[in-house]
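The values are calculated or read from the model by the stated rules, or taken from the named source; none is laboratory data. Since we're looking at a predicted model, the values are computed, not measured. Cβ placement follows ideal geometry from the backbone for every residue including glycine, while neighbour counts extend to all protein chains displayed. Only protein heavy atoms, including side chains, enter the accessible area calculation; ligands, DNA and RNA are left aside. Shrake-Rupley method; radii C 1.70, N 1.55, O 1.52, S 1.80 Å.
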Amino acid sequence: MKVIILGSGVIGVTSAYYLARAGHEVTVVDRQPKPALETSFANAGEVSPGYSSPWAGPGVPIKAIKWLLMNHGPLVVRPKPDPAMWIWLLKMLRNCTAERYAVNKSRMIPIAEYSRDCLRALRSEIGIHYDERSRGTLQLFRYAAQLDHTADDIAVLKQYGVPFEVLDREGCIAAEPALAAVKEKIAGGLRLPQDETGDCHMFTQALALEAEKLGVRFEFNVAIDGLIGDASRVTGVATSKGVLQADAYVVALGSWSPRLLRPLGISLPVYPVKGYSITVPIVDASGAPESTVMDESYKVAITRLGDRIRVGGTAEISGYSDKLYAARRATLDHSLTDLFPRGGDLAKATFWSGLRPMTPDGPPVIGATKYGNLHLNSGHGTLGWTMACGSGRVLADLLSGRKPEIDMSELSIARYDHRFG
């Protein structure tokens, strides 16, 4: 088939690659001049199936109040007169129960682990490189109380067969030697040895080149104005270059997907939750992390990417604003200098923000819509990089009439017709 993919972030490009590999004629359309220049540009760098959990969980409403009052809190809400914001927040609160958390996590773990396996296969097949490392993730606890509260997380890891290690202070230092300089700040950790790291932007641009070798055409600097359709099918995409047509269409526009779909009567409950990062050049390799350290106190991820350190965090609910706030950078700076004081040169850091496309329940939305030839691949939230390859692979299977290797029924938009939506 001829397939048009809207969006050239990591989700759109992986979808294009796997569809082209399956024999389809693929065109990717994006308003940017190159791939991965928005949310995929400078994320935290984690490929972390073990941390694939919904944000909506039991106890989160109480924790949110504490986070909002913290000096370096991980949550920021900037109220706006936007009905979509308040509806999304209410739906998220509805999912903050133990029952719904369990259901939603059970939907996320399979696609995340499958995606990691697809990424590993891709590395083996085409030799793609992106400052990748396979050295696990360390969730670092500064206080014994945090370590004491890991029982529920460990139970879930056991349930899904995810390997893990509970570490004391010395175990954390063995995994991340640079932490020896601040060992008095460490109570313990939870390590997931199968998690990986890598530069999502670098990966996406490299995979776009591989996709071009398979015949994928990229239409950059093209504004997407809307979808054109009749009662049952999409007949074209209105763009700044005119109407583009294909046999099938894939919406992979992240946070912008709902705005494109709404005129067609499709309600996709995705809302942007802004994240921030700094990218810092390493000045002393022995003082930098080996992989990813998750600073549990501030919900900040500190990741080694080649000769750089990527520090990512914050959940800011503020609509579609991409404004950079100095206070958010202060949190990232604090976490890095507190744990890795000799690692990087903050004076040369670059500061960035991106809009994560979050669903209120946590899992992404992948697959068909009520329009026979319109498909979705969106709503991955903080896990777009973690879930990208698997999402692209299963979408290609669905469009090719093949049964995906994992069950996709619980990731379709139809789940919002049920009470867990």
Quiz item: Counting Lys and Arg as +1 and Asp and Glu as -1, each charge on the Cβ, what is the dipole of the stretch 1-116 about the Cα centre in debye, to the nearest 20?
Solution: 280
Quiz item: How large is ³J(HN,Hα) for each residue in the stretch 2-17, as worked out from phi by the Karplus curve 6.51 cos²θ - 1.76 cosθ + 1.60 (θ = phi - 60°), to whole Hz, x for Gly and Pro?
Solution: 8, 10, 9, 10, 9, x, 10, x, 5, 6, x, 6, 5, 4, 4, 4
Practice problem: Once every Cα of the stretch 344-421 carries one equal point scatterer and solvent is ignored, give the base-10 log of I(q)/I(0) from the Debye formula at q = 0.12, 0.13, 0.20, 0.22 Å⁻¹, two decimals. | Solution: -0.42, -0.48, -0.91, -1.06
Quiz item: Taking all protein chains as present, what is the carbon and sulfur share of the accessible area of the chain, in % to the nearest whole number, probe 1.4 Å?
Solution: 54
Quiz prompt | the stretch 264-421 - Debye-derived log10 I(q)/I(0), Cα point model, q = 0.14, 0.19 Å⁻¹ | solution = -0.80, -1.09
Quiz prompt | For the chain, accessible area per residue (1.4 Å probe, heavy atoms of protein chains only), Å² | solution = 40
Exercise. Calculate one ³J(HN,Hα) per residue across the stretch 79-94 by plugging θ = phi - 60° into the Karplus curve 6.51 cos²θ - 1.76 cosθ + 1.60, and present them in order as whole Hz with x for glycine and proline.
Key: x, 9, x, 10, x, 4, 4, 6, 5, 5, 4, 5, 5, 5, 4, 5
Quiz item: Between the DSSP loop rule and a limit of at most 15 other Cβ atoms within 10 Å, which chymotrypsin sites (Phe, Trp or Tyr not before Pro) in the stretch 316-421 are left?
Solution: Tyr320
Quiz item: Computed FRET efficiency, Cβ-Cβ of Ser286 and Lys185, R0 25 Å: what is it to the nearest 0.05?
Solution: 0.85
Quiz item: Once phi is turned into θ = phi - 60°, what whole-Hz ³J(HN,Hα) does the Karplus curve with 6.51, -1.76 and 1.60 give for every residue of the stretch 110-118, x standing for Gly and Pro?
Solution: x, 5, 5, 5, 4, 5, 4, 5, 5
Quiz prompt | Net charge dipole size for the chain [Lys, Arg +1 and Asp, Glu -1 on Cβ; Debye, nearest 20] | solution = 920
Practice problem: For Thr39, enumerate residues with amide H under 5 Å from its amide H, sequence gap 5+ or separate chain, H modeled in the peptide plane. | Solution: Leu355
Quiz item: In nm, what is the difference between 0.36 nm times the number of residues separating Ile228 and Ser400 and their Cα-Cα distance?
Solution: 59.6 nm
Exercise. State the antiparallel share, in %, of DSSP beta bridges confined to the chain, rounding to the nearest 5.
Key: 70
Quiz item: Of all the stretches in the chain, which is the longest one without any exposed loop site, taking trypsin sites (Lys or Arg not before Pro) in a DSSP loop (any state but H, G, I, E, B) with at most 15 other Cβ atoms within 10 Å?
Solution: 1-232
Quiz item: Over the stretch 1-85, with a single point scatterer placed on each C-alpha, what log10 of the ratio I(q)/I(0) does the Debye formula yield at q = 0.17 1/Å?
Solution: -0.96
Quiz item: Per 10 Å bin, what is the whole-percent P(r) computed from every C-alpha pair distance within the chain?
Solution: 5, 23, 34, 26, 11, 2, 0
Quiz item: Within the stretch 392-416, what residues put their amide N at less than 15 Å from the label point 7 Å along the Cα-to-Cβ vector of Lys370?
Solution: 413-416
Self-check item: For the chain, with +1 on Lys and Arg beta carbons and -1 on Asp and Glu, the positive-most of Val300, Ser318, Ala155 along the dipole
Solution: Ser318
Practice problem: Compute the Kirkwood hydrodynamic radius of the stretch 191-303, taking the inverse of the mean of 1/r over all pairs of distinct Cα atoms, and give it in Å to one decimal. | Solution: 18.4
